[in-house]
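K.L.:
The structure is given below, and queries will be raised subsequently.
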Amino acid sequence: MPLIPIALGSNLGDRRGYLDAAVRRLRVEPNVRVAAVSPYYEAPPQDSSPDAQTYLNAVAVIETDLPPQAVLRILLEIEHQLGRRRPAVRQAGVYAPRTLDLDLLVYGDQIWDSPELILPHPRMHERSFVLKPLADVAPDLVHPVLRRTVADLLAERPQAERDAVRIPHFTEAAERSLFAGVRVLVTGSTSGIGRAVATAFAERGADLIVHGYRSKETAETVAHQLRAYGHDCRAVLADLRDPAEVDRLAKQSWDVLGDGLGVLVCNAGADTLTGEGGKLSFDEKLDQLLAVDLKSTMRLSRAVGEKMKLAGRGVILTMGWDQADRGMDGDSGQLFAAVKGAVMAFTRSLALSLAPQVRVNCLAPGWIRTAWGETASAAWQDRVRRETPQQVWGLPDDLASAAVWLASPGANFVTGQTIRINGGAVR
C-alpha cells in the first residue's frame, strides 16, 4: 500500500481551523488511515494578489486502497464541506484566496494527465511550501518523473525561498502556560487516547509522567517527544493488574520531584478487542477489565486523591463509556457496561468524598477511532455513522480537548459529572 501525500493550504479566515478540520475529516474517512501529518508552516502567497494573506501549509500522508480518482473525490468533498468553491478564480495569473486547498501530490509511481487529475502534481517540485512539510514526513519519497527524493528537491530550491517557509507560533502565551508548573500523570499514555491527552497537556505547559505497561523503550520515546514542548517529562512502567504496582505508581508519581501531582487521568484500560486480548474467554476478559479499568482506577485515584485533598488542590479524571448506562448488545456490551458503569458510579462518590479541594469527573467516549476503529469492518463503519448524529468517528484529540478543559480553571464549578464525548448520540 503506497504512502500518499496530500498538500493542505489555506490563506482565508481561520487558516489553522480549516487545516485542523481537513486533517480530522481525513482521519475519520472510512478506508483511509492518516499515517503522518507535518507541522504547519507559514509561507508568502505565490501567484496571488498583493494584499493576499500568508498561506498556512502542511502535508498529510495517508494510506488507502482507494484508487486516485476516489481519493480526489474525497479531497474535493472535504474542500466543499469546509467552504471552498472550485474552480478557484485565476485572472491574469492570480489565484483568489481560498479557505482550503487540498492537492493530491503523488500516488505511488502512477502518472496521470487528464482534465480532472494530474499526477504527480505538476508544480510540487518548484514549491518550497510543499517540499518543506513533505520532507518532514516523507523525505525519501521519490518523484515518479524526476526520480529525485523530496529531500534532494528541497535542497535545490533557493535558500531565501526555503527560509521564507516557517513554523508559526499559534498558541497564545496564556494557553501555552495554562498548566505551567502542574505535574500530570496519564495512565496508558504511550498510544491512542492516552497519548493524545498527554500531548494536549504538554502543549499547554504541563510536566508529564508518561505511563506504559510493557515497553520501557516506547514510554521513553513518547516522553522524549513530549519534552520538545520545553517541559519536564518522565516515563514510568507499571502493571496495573498488580495492586502493589499501582501503589508504587502512586507513590513514585507523587514523589518524583517532591511537589506532588496536580492532575491524574486514569485512562488505562485492558485491550479485550484486538490481538491476544480479543481471543480471551468472556470470564478472562471480565477479569482483565475489572483489574485494569475498574480496580486500578479506584486504587490509584483513592491514593492520589487523599494526597491531593491534604495538599488542598487537584483534579482527577476517569474513563467511562457513553453506552454504559444505556446498554449495548453482545459480550463486549455486557462487559463494558458492567465495568465502565462501575467507574462512572465510583467517580460520583469519589467527587463527593474529595470535595471541595479536589474535582473528580468522568470522560465517557463514544465511537472513537483508535487502533481498533482503523481496522474495523465495513459493517462497523456503517454502524458508527448510523448511531452517531455527527456521522463520523470521534478522535483521541476530542477526548484530549475535553480532558484539558475539565482540568482547567474554566471548569472549576464542574465535579462529579460524566461528560459524554460521542458526537451527539442520545439513544
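The values are calculated or read from the model by the stated rules, or taken from the named source; none is laboratory data. This structure is a prediction, so every number in the text was calculated from the model and none was measured. Counting neighbours? That spans all protein chains shown, and the Cβs are built from the backbone with ideal geometry, glycine included.
K.L.:
How many of the residues making up segment 191-201 are on the phi < 0 side of the Ramachandran plot and surrounded by fewer than 24 Cβ atoms within 10 Å (Cβ to Cβ)? Talk me through it step by step, then tell me what you get.
P.N.:
In the first step, residues of segment 191-201 are kept if they are on the phi < 0 side of the Ramachandran plot; the result is 191, 193-201.
If we keep only those that are surrounded by fewer than 24 Cβ atoms within 10 Å (Cβ to Cβ) too, we end up with 191, 195-196, 199-200.
Of the residues in that region, 5 qualify.
K.L.:
Here's a follow-up. Do we find that Ala228 is in contact with a Gly (Cβ under 9 Å, 6 or more places away or on another chain), over 17 Å from Leu399 (Cβ atoms) and not assigned by TED's automatic domain parsing to the domain that holds Asp20 in this structure? Talk me through it step by step, then tell me what you get.
P.N.:
Values: in contact with a Gly (Cβ under 9 Å, 6 or more places away or on another chain): no; over 17 Å from Leu399 (Cβ atoms): yes; not assigned by TED's automatic domain parsing to the domain that holds Asp20: yes.
Against the criterion (in contact with a Gly (Cβ under 9 Å, 6 or more places away or on another chain), over 17 Å from Leu399 (Cβ atoms) and not assigned by TED's automatic domain parsing to the domain that holds Asp20), Ala228 does not qualify.
K.L.:
At pLDDT below 85, surrounded by fewer than 20 Cβ atoms within 10 Å (Cβ to Cβ) and of a type in the set (A, V, I, L, M, F, W, C): does that describe Ala92? Spell out the reasoning first.
P.N.:
Values: at pLDDT below 85: yes; surrounded by fewer than 20 Cβ atoms within 10 Å (Cβ to Cβ): yes; of a type in the set (A, V, I, L, M, F, W, C): yes.
Here the answer is yes, as Ala92 does meet what is asked.
K.L.:
For segment 358-366, does any single residue satisfy the condition of being surrounded by fewer than 22 Cβ atoms within 10 Å (Cβ to Cβ), free of Cβ contacts under 8 Å to residues at least 60 places away in the same chain and either touching a Cys at 6+ places or on another chain (Cβ under 8 Å) or not small (Gly, Ala, Ser) (or both)?
P.N.:
The answer is no, given that none of the residues of segment 358-366 is surrounded by fewer than 22 Cβ atoms within 10 Å (Cβ to Cβ), free of Cβ contacts under 8 Å to residues at least 60 places away in the same chain and either touching a Cys at 6+ places or on another chain (Cβ under 8 Å) or not small (Gly, Ala, Ser) (or both).
K.L.:
Just the residues that are outside any loop (DSSP other than H, G, I, E, B), of a type in the set (S, T, N, Q) and over 18 Å from Glu42 (Cα atoms), please, taken from segment 106-153. Working first, answer last.
P.N.:
Taking segment 106-153 as the starting set, the residues that turn out to be outside any loop (DSSP other than H, G, I, E, B) are 112-113, 118-119, 124-126, 128-137, 142, 149-153.
If we keep only those that are of a type in the set (S, T, N, Q) too, we end up with 128, 149.
Answer for segment 106-153, where residues must be outside any loop (DSSP other than H, G, I, E, B), of a type in the set (S, T, N, Q) and over 18 Å from Glu42 (Cα atoms): just Thr149.
K.L.:
Working only within segment 150-193, note down all residues that are under 25 Å from Ser253 (Cα atoms) and either touching a strand residue (DSSP E or B) at 6+ places or on another chain (Cβ under 8 Å) or modelled with pLDDT of 95 or more (or both).
P.N.:
Across segment 150-193, the qualifying residues are Phe179, Gly181, Val182, Arg183, Val184, Leu185, Val186, Thr187, Gly188, Ser189, Thr190, Ile193.
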